[in-house]
Amino acid sequence: MKYANHLMAGILLALSAGGYVHAQTPTSNTITIEHAWARATPGGAKTGAAYLTLINTGPAADRLLGATSPVADKIQFHKESEENGVAQMRELQTVEVAAGAKVAFKPGDMHMMMVGLKQPLKEGQTIPLVLRFEKAGNVDVTVPVAKVGAMQPGDMDGMMHGADKAMKKN
């Protein structure tokens, strides 16, 4: 009888701890990623660029806090602009995504700069990317690599293999 009581107490303790952990885990899939792609890089390049569209389907604003990938030492968010005929690029610490809004990372505008590439990005391969949001948590993205100099995801010559479909938080 004593053994059964200890066993039951252990089971109840495990279930209650599991419920607490579950309650701390974000459960909403409010951020969707579309049109993710990156440009191939020439051999020896230490930086590369990735592009995508963030869609916030939730009722509240969210913020992109960071991104990581095993192919680079770090990923920075950059915004390009032109003032008085001079092109400028500045680093953004975070990217705001208003409720119901789309935010596009695209050539000549905002992009993700992959710094410290560990190997060249090759056309036709895919690379993993993890986006970290303030509210939505981590979102895993598979990023197909287009040819060198590509200006849009369609410049992949059929290399999408279904990777252009919307991706949601796991």
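The values are calculated or read from the model by the stated rules, or taken from the named source; none is laboratory data. Source: prediction; values computed, not measured. Every residue, glycine among them, receives a Cβ derived from its backbone with ideal geometry; neighbour counts consider all protein chains shown. What goes into the accessible areas is simple: the full protein's heavy atoms, side chains included, and nothing from ligands, DNA or RNA. Shrake-Rupley method; radii C 1.70, N 1.55, O 1.52, S 1.80 Å.
Condition first: assigned to a loop (DSSP other than H, G, I, E, B), more than 11 Å from Met113 (Cβ to Cβ), of a type in the set (A, V, I, L, M, F, W, C) and in contact (Cβ under 8 Å) with a residue 24 or more places away in the chain. Can you find one or more residues in the stretch 66-74 that meet it?
yes
If you take the residues of the stretch 43-85 that are modelled with pLDDT of 95 or more and among the acidic types (Asp, Glu), which of them is nearest to Gly137 (Cα to Cα)?
Restricting to residues being modelled with pLDDT of 95 or more and among the acidic types (Asp, Glu), the top hit is Asp62.
Mind counting the residues in the stretch 40-56 that are surrounded by 15 or more Cβ atoms within 10 Å (Cβ to Cβ) and assigned to a loop (DSSP other than H, G, I, E, B)?
3
When the stretch 32-62 is examined, which residues are found to be basic (Lys, Arg) and under 20 Å from Lys106 (Cβ atoms)?
Residue satisfying the conditions is Arg39 alone.
State all residues of the stretch 75-99 that are part of a loop (DSSP other than H, G, I, E, B), open to solvent by less than 70 Å² (accessible area, probe 1.4 Å) and either over 22 Å from Val130 (Cα atoms) or touching a helix residue (DSSP H, G or I) at 6+ places or on another chain (Cβ under 6 Å) (or both); if no residue qualifies, say none.
Gly85
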